[in-house]
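First the structure, in the form of structure tokens, and then the observations on it.
The values are calculated or read from the model by the stated rules, or taken from the named source; none is laboratory data. A quick note: this is a predicted structure, and the numbers were derived from the prediction, not measured. Here the Cβ is made from the backbone with ideal geometry for all residues, glycine too, and neighbour counts use every protein chain on show. When the accessible area is computed, the model is the full protein with side chains, heavy atoms only, and any ligands, DNA or RNA have been set aside. Shrake-Rupley method; radii C 1.70, N 1.55, O 1.52, S 1.80 Å.
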Amino acid sequence: MGESAYVFSKAYVFRVPEGVELISYLSEFAAKNNILLGAIMVLGMLKDPIIGYFDKEQGRYRENSLKGTYELASSIGNISLRDGKPFIHLHVVLGGPNGETYSGHLLRAEVYIAEVIIFELTGGKPLERKQYGSLWLWDVYST
Amino acid sequence: MGESAYVFSKAYVFRVPEGVELISYLSEFAAKNNILLGAIMVLGMLKDPIIGYFDKEQGRYRENSLKGTYELASSIGNISLRDGKPFIHLHVVLGGPNGETYSGHLLRAEVYIAEVIIFELTGGKPLERKQYGSLWLWDVYST
Amino acid sequence: MGESAYVFSKAYVFRVPEGVELISYLSEFAAKNNILLGAIMVLGMLKDPIIGYFDKEQGRYRENSLKGTYELASSIGNISLRDGKPFIHLHVVLGGPNGETYSGHLLRAEVYIAEVIIFELTGGKPLERKQYGSLWLWDVYST
């Protein structure tokens with residue numbers, strides 16, 4: 001077992017209130033429940049989402065602002081530490097009225113419906129993000 | 001720990017038979033195994049899927065019927081209770097022959113291949129859907 | 001409890017080094033850690049991914065080679081056995097600079113960033129892939 005191994009603690013299953021910003025809400029939820037490491041799955045519908053594409057040349061996220069309400073067709077992510085606090089990293093796949101699809105790194109979105117499952121993991125070394133240029137990343141796994 | 005916290009019970013991993021309707025099959029699987037709460041992940045290929053986009057103005061799902069066979073590129077969902085029975089909520093991302101992608105809420109689809117993982121959760125308050133207009137939703141999480 | 005039921009063992013959470021091929025790396029990780037069954041979630045960015053669409057008429061994967069770097073907007077998969085060794089089955093949803101999306105079965109891709117979570121499952125009957133034509137599948141679940 002390497003340093004990357006953890007055990008299962010609690011699972012949180014809940015619906016986020018309509019109208020709140022998703023990333024902020026999940027950050028507060030993780031902080032309040034002291035979730036230091038975990039996996040996230042979300043489905044529902046989001047309004048006016050802003051999704052990011054990391055542009056390596058520019059060294060920053062290009063922001064794509066979508067207008068309207070989209071099916072949150074898939075969203076997976078993780079919780080780890082940044083500056084000692086729980087940090088949410090969430091990607092999204094969004095479906096429009098005809099099933100047309102946009103996807104990327106979620107920067108922000110208003111919740112219409114969001115059904116969230118968080119798998120809390122404990123028992124191993126805390127996983128902390130460090131700054132690499134304009135990205136905040138975990139150390140790479142080494143054998 | 002709020003009322004939204006659960007513990008890990010069993011994980012089910014299986015392949016759905018070719019030709020059956022996916023949502024019905026998973027509903028029967030959950031009922032038969034008495035899975036009252038859980039997370040679902042599926043990958044495989046689906047035939048003639050019908051995906052929904054919830055139209056808030058109309059108060060109902062707009063149905064997009066896709067013809068042919070699609071890679072089930074991502075599918076996450078959950079199991080909770082509706083009218084006291086296990087209810088499947090599943091979203092899908094579907095890839096066509098050139099990788100072109102459609103996504104939304106899965107209404108129905110015939111299985112070509114479906115590899116399913118269900119994480120059963122127990123130990124907390126049952127999560128029951130209630131009718132809000134034409135949607136069936138959990139109560140929102142409250143602190 | 002059917003033969004498809006397992007229990008939760010460890011969870012592995014790690015970042016894959018930049019520049020390696022993702023499927024090969026995960027295969028080696030699973031072999032080294034002796035992970036015989038599990039669920040996989042990945043997010044990050046991939047370079048020059050090749051995604052497959054299984055063409056039933058031709059009995060083989062059609063390969064779609066994408067050039068450039070894409071947000072790995074969703075990736076779920078599983079680990080089971082093939083020829084007695086851990087085998088990775090991973091699907092991907094990829095977002096381009098404007099959020100445009102391609103998806104399918106991942107054949108190969110170079111990692112730019114890949115944050116991986118593996119849920120290891122144990123305690124049940126090993127799940128082994130068998131050859132059905134040009135596909136390697138689990139036996140279907142039978143009640």
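Give me the compactness ratio for the range B:90-143, meaning the Cα radius of gyration over 2.2 N^0.38 Å.
In units of the globular-protein estimate, the range B:90-143 measures up at 1.61.
Under the definition of partner shielding as Cβ atoms of other protein chains within 10 Å of a residue Cβ, what is the mean value for peptide C:131-142?
That average works out to 3.
Please list log₁₀ I(q)/I(0) at q = 0.19, 0.24, 0.28 Å⁻¹ for the range C:1-40, using the Debye equation with identical point scatterers on the alpha-carbon positions.
Results for the range C:1-40 at q = 0.19, 0.24, 0.28 Å⁻¹ read -0.66, -0.91, -1.11.
Rounded to the nearest 500, what is the protein assembly as shown's calculated 222 nm mean residue ellipticity when only DSSP H runs of at least 4 contribute -39500 (n - 2.57) each, over all residues?
Rounded to the nearest 500, the figure is -2500 deg cm²/dmol.
Would you tally the net charge around A:Leu43, using a Cβ to Cβ cut-off of less than 12 Å, leaving A:Leu43 out, and scoring K and R as +1, D and E as -1?
In short, -1.
Filter the cross-link list A:Lys56/B:Lys47; A:Lys125/B:Lys125; A:Lys130/C:Lys10; B:Lys85/C:Lys85 down to pairs whose alpha-carbon distance in this structure exceeds 27 Å.
Those over the limit are A:Lys56/B:Lys47; A:Lys125/B:Lys125; B:Lys85/C:Lys85.
Angle check, please: helix A:22-32 long axis (alpha carbons) against the longest principal axis of chain A (alpha carbons), in degrees 0 to 90, nearest 10.
Approximately 30 degrees, to the nearest 10.
Can you pull the three principal axis extents for the Cα set of the protein assembly as shown, in Å, largest first?
51, 50, 39
Estimate the FRET efficiency between B:Gln131 and B:Glu18 by the formula 1/(1 + (r/R0)^6), using the beta-carbon distance for r and 35 Å for R0, to the nearest 0.05.
FRET efficiency, B:Gln131 to B:Glu18: 0.50.
Give me the orientation-averaged projected area of the Cα convex hull of chain C, in nm², one decimal.
Approximately 9.4 nm², given one-decimal rounding.
Using a 1.4 angstrom probe on heavy atoms only, work out the carbon and sulfur share of the accessible area of the protein assembly as shown in %.
Here carbon and sulfur together make up 47 percent of the probe-accessible area.
How many Å² of accessible area per residue for the protein assembly as shown, probe 1.4 Å?
Result: 38 Å² of accessible area for each residue.
Based on DSSP loop calls and a cut-off of at most 14 other Cβ atoms within 10 Å, the longest stretch of chain B free of exposed trypsin sites (Lys or Arg not before Pro) is what?
The segment B:68-143 is the longest one with no such site.
Counting protein heavy atoms only and a 1.4 angstrom probe, how many square angstrom of accessible surface do chains C and B bury in total, to the nearest 100?
Using a 1.4 Å probe, the pair buries roughly 3400 Å².
Put a dot 7 Å past each Cα toward the Cβ at B:Ala31 and B:Glu3; how far apart are the dots in nm?
2.8 nm
Mind ranking C:Val140, A:Val42 by accessible surface for me, highest first, 1.4 Å probe?
Largest accessible area first, the residues go C:Val140, A:Val42.
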